[in-house]
1. Based on what the data block shows, is Phe121 more than 20 Å from the chain's Cα centre (by Cα) and loosely packed, with under 10 Cβ neighbours inside 10 Å?
2. Which count do you get for residues in the stretch 97-123 that are farther than 18 Å from Ile36 by Cβ and of a type in the set (A, V, I, L, M, F, W, C)?
3. Quick check on this structure: which one of Ser82, Ser68 is polar (S, T, N, Q), modelled with pLDDT of 95 or more and not in a helix (DSSP H, G or I)?
4. Does any residue in the stretch 14-37 that is under 22 Å from Lys77 (Cα atoms) come within less than 7 Å, Cβ to Cβ, of a residue that is part of a helix (DSSP H, G or I) and small (Gly, Ala, Ser) six or more places away or on a different chain, and which pairs are these?
5. Yes or no: the stretch 46-53 includes at least one residue that is loosely packed, with under 11 Cβ neighbours inside 10 Å and of a type in the set (Asp, Glu).
6. Going by what's in this entry, would Glu91 be described as part of a strand (DSSP E or B), within 22 Å of Pro51 (Cα to Cα) and touching a residue at least 24 places away in the same chain (Cβ under 8 Å)?
7. Quickly run through the stretch 95-153 and pick out the residues that are closer than 21 Å to Leu31 by Cα, among the polar types (S, T, N, Q) and assigned to a helix (DSSP H, G or I).
Amino acid sequence: MSNDLNTLMSQLLNTFELIDDEFKKHADKILFDYTITELHCLEHMGKIDKPNVTKLAQSLHLTRGGVSKLIKKLINKEVVCSYQLDTNKKEIYYRFTTLGQDVFAAHEQIHQKWSAKDLEFLQQFDANQVTFVMTFIQKYSQYLVETLKTFNWSK
């Protein structure tokens, strides 16, 4: 069973690489200068009220230091800028520039198309089957993250 699972996970990884290759061929060119992590940071920024480092770190499941580095890259790419509220000069918040809004919109459009295709595919399964698969993937992902913390990579 373990070998079957490993084979299935390898096939899934290969499929994600194929998707990435096709993305690079066909997606809106505005997205090409950004890493997946940068795009997901922008995605979360677009969905959080008054995004700051702390809120983004929680949402992205990254450290605040990691988010700070990511934000600096996005500021350097001129898709994000910082601002402060008149009522709170201590806290720094982030918003999209015009370019950032365009990148966010292009990324969201791809997500919406994929979500529609996913819904179409998932209609062949009943709710219990979908719930089982989602639970399995979540638990397996958590297991892998925990295993990485203690895995002995040497012989």
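The values are calculated or read from the model by the stated rules, or taken from the named source; none is laboratory data. None of these values were measured; they are calculated from a predicted model. Cβ placement follows ideal geometry from the backbone for every residue including glycine, while neighbour counts extend to all protein chains displayed.
1. yes
2. 5
3. Result of the check over Ser82, Ser68: Ser82.
4. Asp28/Ala106; Ile30/Ala106; Leu31/Ala106
5. yes
6. The answer is yes for Glu91.
7. Scanning the stretch 95-153 gives Thr98, Gln101, Gln109, Gln112, Ser115.
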